[in-house]
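**Q** Take a look at this one; I'll ask things after.
The values are calculated or read from the model by the stated rules, or taken from the named source; none is laboratory data. Model, not experiment: these values are computed from the prediction. Because the Cβ atoms are built from the backbone with ideal geometry, glycine has one as well, and the counts that use them run over all protein chains shown. For accessibility, only protein heavy atoms count, side chains too; no ligands or nucleic acids. Shrake-Rupley method; radii C 1.70, N 1.55, O 1.52, S 1.80 Å.
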Amino acid sequence: MPPRKSWRQKLADNKGLPRIGSVMGKMTRRWGRGTMVVPAPAEVDAIMKNVPRGKLITINEIRAGLAKKHSTNICCPITTGIFAWIAAHAAEEAAEEGEKKTTPYWRTLKTGGELNPKYPGGIANLKRRLKAEGHRVIARGKRFFVEDFEDSLSVL
């Protein structure tokens, strides 16, 4: 069995992406007709890397920026989320190996300003890092959100 790829290797493996195609089948019910880009992992990471301290971005803003960049109607929501998750783990892997400047993944939120519990260190790590940058994290049931996150959104 071949050795497992590191998170950074997964991030660097573009698998022939980005790729542009038509929105078809069941997807048209939700997204309408038009074109969709499936981004490369490095594209998602590049946007996440450029979010300055004290600012935030959501997966939807990343998707909108990539759709605009590729002149498509939408950007694939599934792969964008997966690639953000890979970028977060690659950043943590790099930090554990002593790299100082890594992707600030804690600044990337889910839709509605929700923290992503699947990011490295879970909610506790994200809360600590976001609070250190001046954000207030609130609980809504079992989920956590950055309060008034819209006021801190980064402009692409």
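**Q** Lys131 versus Glu147, label points 7 Å from Cα toward the beta carbon: distance in nm?
**A** Here the modelled spin labels are 1.3 nm apart.
**Q** A further question on this structure: With charges set only on the Cβ (+1 for Lys and Arg, -1 for Asp and Glu), what does the dipole of the chain come to about its Cα centre, in debye to the nearest 20?
**A** About 420 debye.
**Q** For the chain, modelled as a GNM with alpha-carbon contacts under 10 angstrom, which of Pro41, Pro120, Pro18 fluctuates the most?
**A** Pro18
**Q** Next question, about the same structure. How high is the FRET efficiency from Arg33 to Lys69, r the C-beta distance, R0 25 Å, rounded to 0.05?
**A** The computed FRET efficiency comes out at 0.75.
**Q** Ok, one more. Taking the chain as a Gaussian network, where each spring joins two C-alpha atoms under 10 Å apart, which residue of Leu66, Leu17, Leu115 fluctuates the most?
**A** Leu17
**Q** Continuing with the same structure: Ignoring ligands, DNA and RNA, please state the percent of accessible area on segment 13-156 from carbon and sulfur, probe 1.4 Å.
**A** So the carbon and sulfur contribution to the accessible surface is 52 percent.
**Q** Separate question: Which lysines, on any chain, are close to Lys69 with Cα under 20 Å apart, when same-chain ones fewer than 8 places away are left out?
**A** Straight-distance partners of Lys69: Lys15, Lys49.
**Q** In addition: Please identify, among Arg140, Arg128, Arg107, the residue showing maximal mean-square fluctuation in a Gaussian network model of the chain using a 10 angstrom Cα cutoff.
**A** Arg140
**Q** Would you please classify the overall shape of segment 67-156 from the alpha carbon gyration tensor, given that a ≥ b ≥ c denote the square roots of the eigenvalues, rounded means a/c under 1.5, and beyond that prolate means a/b larger than b/c while oblate covers the rest?
**A** oblate
**Q** With a ≥ b ≥ c taken as the square roots of the eigenvalues of the C-alpha gyration tensor of segment 111-153, please select rounded if a/c is under 1.5 and otherwise prolate if a/b is larger than b/c or oblate if it is not?
**A** oblate
**Q** Order 82-89, 22-29 from most to least packed using the mean count of other Cβ atoms within 10 Å. Kindly include the intermediate steps, with their values, before the conclusion.
**A** Details: 82-89: 21.8, 22-29: 11.0.
Top to bottom by mean Cβ count within 10 Å: 82-89, 22-29.
**Q** Still on this model: I'd like the Karplus ³J(HN,Hα) series for segment 16-30: coefficients 6.51, -1.76, 1.60, θ = phi - 60°, whole numbers in Hz, and an x wherever there's a Gly or Pro.
**A** Couplings: x, 9, x, 9, 10, x, 8, 7, 9, x, 4, 5, 5, 4, 8 Hz.
**Q** Continuing with the same structure: Rounded, prolate or oblate for segment 4-146? Axes are the square roots of the Cα gyration tensor eigenvalues, ordered a ≥ b ≥ c, and the cut-off for rounded is a/c under 1.5.
**A** Taking the square roots of the gyration eigenvalues as a ≥ b ≥ c, segment 4-146 is oblate.
**Q** How about Lys131: which aspartates and glutamates have a C-alpha closer than 20 Å to its C-alpha, ignoring those fewer than 8 places off in the same chain?
**A** Glu92, Glu114, Glu147, Asp148, Glu150, Asp151
**Q** Would you kindly derive the ³J(HN,Hα) couplings of segment 73-80 from the backbone phi angles with the Karplus curve 6.51 cos²θ - 1.76 cosθ + 1.60 (θ = phi - 60°), listing them in order in whole Hz, with x for Gly and Pro?
**A** Each residue of segment 73-80 in turn: 6, 9, 10, 4, x, 5, 5, 4 Hz.
**Q** Then there is this: Would you grab the residues whose amide H sits under 5 Å from the one on Val23? Only those 5+ places off in sequence or on another chain, please, with H modelled 1.01 Å from N.
**A** For Val23, the qualifying residues are Gly34, Thr35, Met36.
**Q** Charges at C-beta only: +1 for Lys and Arg, -1 for Asp and Glu. How large is the resulting dipole of segment 105-150 about its Cα centre, in Debye rounded to 20?
**A** Approximately 260 debye in magnitude.
**Q** Please work out the average accessible area per residue across segment 1-131, using the 1.4 Å probe convention, and give it in Å².
**A** Value returned for segment 1-131: 56 Å² of accessible area per residue.
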